[in-house]
Amino acid sequence: MDLTAVRTFVAAADAGQFQEAAAILAITPQAVSKRVALLERELAVRLFSRTARGAELTIDGQAFLPHARALLAAEERAAASVRPGSRPLRVDVIGRRLSVAGLLRGFHAAHPDVPLDVVTLFDSDTAVDAVRSGTIDATFRAVTMPGRQLPPEIRTMPVLDEQLQLFTGPSHEFARAASVAPARLAGRRIWMPGNAPGTEWAAYYDEFAATFGCAVDAIGPDFGIEPLLDTIAASATLATVVSERTPLVWPAGHDLRRVPLHGPTPVYPHSLLWRADNAHPALAALRAHLAAAYPGRSADDDVWTPGWARRGRG
């Protein structure tokens, strides 16, 4: 349906005269008449009765009017959903079950009036390109991939140092440990089938393995979290690494264990990335909320993170 004709119909219905509708729309009365006639032909009904006093809605015109208004309202909502400055703040969280999604949920709880559009892009290159082009307003990523530089227009701020834990079944050698030093993982197998080559998290765990002498194994298809939990629960040798903030639920019979890693504590450093000239009004509120929520890292903290991920910039 021609929405220009629908808009003209609504203007004429509100004005009661084609001439006055023409003045409102900044077109000629003949153009109003032509557009209304086009709509009437499309609907196969008469919408107006032309009288000496102007144009009066027919029964069909009265029936169509509220639907015409709904069409125009839907058009405006559709345009606003992608219009910079009026569309919702669009933020990439990598995965909806990950900790950074929790950060965004915290922002929403503190600012329920701010419309949000949550997206999940796979890799950092795609996310940074989307920030540069304005397709999204911000992304949560590790800064930066080894050997790569962020474009100069991209700004960053640290928002979370995510502590990692060893995740085992009940028969694993470390299942009953109060904590494990990462160096004790040397020679052990860490199974992470979701470690896709070329991603920032694969680069993180590659350096983790090189530093502490363990073997990060990405062999096998990634069927999702439930099959991974089943396999870990049944194995005496397989373990994986998860975040202390990752919400996981498993059958009671699995008896899975989260074992803290300390001495040093490996942390996955998340930063918020955005384009410096992005003027979305909610972006500043998001940055302020995250800055207040992030305690920062003390120079005395005994933590480990890759050298390429240790520094962000404002």
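Only the coordinates and a few stated rules stand behind these numbers; no lab work does. Quick caveat, the model's predicted, so the values are computed rather than measured. Positions of Cβ are generated from backbone atoms using ideal geometry, with glycine treated the same way; all protein chains shown enter the neighbour counts.
Observations
- Note on the chain: Cα-Cα pairs beyond 23 Å make up 66% of the total pair count.
- Helical content alone sets the calculated 222 nm signal of the chain at -11500 deg cm²/dmol, taking -39,500 (n - 2.57) per DSSP H segment of four or more residues and averaging over every residue.
- Convex hull of Cα atoms in the range 162-265, direction-averaged projection (nm²): 6.2 nm²
- FRET efficiency, 1/(1 + (r/R0)^6) with R0 41 Å, evaluated for Gln149 and Ala175 via beta carbons: 0.45
- For the pair Ala78 and Thr237 in one chain, pulling the backbone fully straight at 0.36 nm per residue adds 52.0 nm over the alpha carbon distance.
- Additional length obtainable on full extension of the chain from Leu3 to Ala37, 0.36 nm per residue less Cα span: 10.9 nm
- Separation of alpha-carbon centers, the range 224-252 and the range 155-179, rounded to whole Å: 12 Å
- For the range 1-159, share of DSSP beta bridges that run antiparallel, in % to the nearest 5: 40 percent
- Cβ-Cβ FRET estimate between Arg96 and Asp217, R0 fixed at 30 Å, reported to 0.05: 0.70
- Residue-by-residue Karplus 3J(HN,Hα) for the range 195-200, coefficients 6.51, -1.76, 1.60, Hz, glycine and proline x: 7, 7, x, x, 8, 5
- Put simply, the amide H of Leu160, placed in the peptide plane, has neighbours under 5 Å in His270, leaving out anything fewer than 5 places away on its chain.
- Residue-wise HN-Hα couplings along the range 12-19, as the Karplus relation 6.51 cos²θ - 1.76 cosθ + 1.60 with θ = phi - 60° gives them from phi, are 5, 5, 6, 7, x, 8, 5, 5 Hz; Gly and Pro carry x.
- By the Stokes-Einstein formula, at 1.306 mPa s and 10 °C, the range 173-228 with its Kirkwood radius over alpha-carbon pairs has D equal to 129 µm²/s.
- Calculated FRET efficiency for the pair Val119/Asp206, C-beta based, R₀ 25 Å, to 0.05: 0.40
- Close amide H partners of Thr265, meaning residues 5 or more places away or on another chain with modelled amide H under 5 Å apart, are Val303, Trp304.
- Phi angles across the range 23-35 convert, under the Karplus curve 6.51 cos²θ - 1.76 cosθ + 1.60 with θ = phi - 60°, into 3J(HN,Hα) values of 5, 5, 8, 6, 10, 7, x, 5, 5, 4, 4, 5, 5 Hz, Gly and Pro given as x.
- Calculated on alpha-carbon atoms, Rg and Dmax of the range 3-80 in Å: 11.9, 40
- Rough spin-label spacing in nm, given labels placed 7 Å along Cα→Cβ, for Ile59 and Ala23: 3.4 nm
- Among Glu244, Glu153, Glu76, the residue with the largest mean-square fluctuation in a Gaussian network model of the chain, with springs joining Cα atoms closer than 10 Å, is Glu76.
- Among Leu166, Leu121, Leu38: highest mean-square fluctuation, GNM of the chain, C-alpha pairs under 10 Å: Leu38
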